Amino acid sequence: MFKPFSLYVGLRYTAAKRNNNFISFISLVSMLGLMLGVAALIVVLSVMNGFDRELRDRILGMVPHATITGYSATIDNWQQLAATVSQDPRVIASAPFIKSQGMLTHAGQVKPAFVQGVDPEAEKSVSIVTQHINAGSWGDLVPGKFNIVLGDILAQHLGLNIGDKVTLVLPEASVSIAGVTPRLKRFTLVGTFSVGAELDSSLGYIHISDAARLKRMKGVEGIRLTFEDLFDARVAVREIAVKLDGVYQISDWTRTQGNLFQAIQMEKRMVGLLLFLIVFVAAFNIVSTLVMVVTDKKSDIAILRTLGASQGLIMRIFMVQGIVIGSLGTFLGTLLGVVLALTISDVVDFFERLFGVQILSPDVYFISNLPSQLIWDDVFVIVLVALSISFFATLYPAYKASKTEPAEALRYE
């Protein structure tokens, strides 16, 4: 079968045993370095993509995409407001809320908490909390019973079990015959949820009518909105507010969680840049490998030149060697990186069980497991860049080989 002569000789040179074992060692190091660089880049970018996905699915699945509240008073006609807002095609759902910040106490334990009064049925359409109930029942949030659903970490810190009583203390004073006292109310724990995020240690839900009675409100504090595309929330909620009759205060997730999202995006870019430098270093080891090969094969080059081989042919022969090393390292690195990216969560879980440690504590990080999302576009870009670097790394040594003078190379042979 026909083979281009440069490809045939280049492959023979690549596979042949060398008298100088150091050259073979450097070739192996170059290939392994490129393999590890590509694999590390794929794995790290997949993990960063996983954090990005978890931020959108978990954190932004729990917090509002946007909220509309009154400036100084409650919203009494919130049903009409919700119906008006829902006419916008970008809005998927809306739900009323009353938010409170206070302290939860039980058996001598005190923890700060963000307690939100919600309509249990409407909340299902704007939050993923009902999908992550791990004990008790969300349906037990009924008006007048003063029941509460807490994050499982918060409940554990307070030593609570389903059916236990917990006291909510609000930073608002009540005046009675006993004097000025903080406003407090006892609730019954009827459920816990776990989304694997920091919210598990700070968030609780009560029925919106109970929250209104506790805060002595007649209406609701505002409505939360969920958009089809959360990245449209910032602009969409402003456009909606302009069309509304009345003065409302608006907010969106970029104010509450935007810094976290931007930090992940910045870290992804910077980590990707640093790891690309590893690929650069590994690929440019091919330069040193080929330079030593050219030095080792000067007599062979000279013989080929005397037999009529052109400078272009010599150049292509050595480019084949470098491209083979780069392609093999890139292929193995891609294979290793894809396998690790798809299994990194299981690998981390295995080591956590083996050594009895938790790498990502939900008390510190916003999620408790190491996520990974393999995006094939990223893999394609990494492979393309690695092969391009490998190709350009072959040009200088191959050019030097093509400039070898036969008479000079064979003088002492």
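Observations
- Close pairs from the range 225-241: first touching a residue at least 60 places away in the same chain (Cβ under 8 Å), partner assigned to a loop (DSSP other than H, G, I, E, B) and aliphatic (A, V, I, L, M), Cβ under 8 Å, at least 6 apart: LEU225/VAL126; THR226/VAL126
- Check on VAL38, at pLDDT 80 or above and surrounded by 21 or more Cβ atoms within 10 Å (Cβ to Cβ): yes
- Extreme residue, surrounded by the most Cβ atoms within 10 Å (Cβ to Cβ), among residues of the range 41-85 that are within 12 Å of the chain's Cα centre (by Cα) and among the charged types (D, E, K, R): GLU54
- Checking each residue in the range 116-138 for being surrounded by 13 or more Cβ atoms within 10 Å (Cβ to Cβ) and closer than 18 Å to GLY159 by Cβ picks out ALA135, GLY136.
- Selection count, the range 346-360, where residues are outside any helix (DSSP H, G or I) and either surrounded by 11 or more Cβ atoms within 10 Å (Cβ to Cβ) or modelled with pLDDT of 80 or more (or both): 3
- Flag if SER388 is of a type in the set (Ser, Thr, Tyr), surrounded by fewer than 17 Cβ atoms within 10 Å (Cβ to Cβ) and modelled with pLDDT under 85: no
- Inter-residue pairs, beta-carbon under 6 Å, first assigned by TED's automatic domain parsing to the domain that holds ASP252 and in the range 213-224, second of a type in the set (Asp, Glu), 6+ apart: GLY219/ASP76
- Matching helices (runs of 4 or more DSSP H) fully within the range 207-303 where at least 1 residues are more than 30 Å from LEU81 (Cβ to Cβ) and at pLDDT 75 or above: 258-296
The values are calculated or read from the model by the stated rules, or taken from the named source; none is laboratory data. A quick note: this is a predicted structure, and the numbers were derived from the prediction, not measured. No Cβ is skipped: glycine too gets one built from the backbone with ideal geometry, and neighbour counts run over all protein chains shown.
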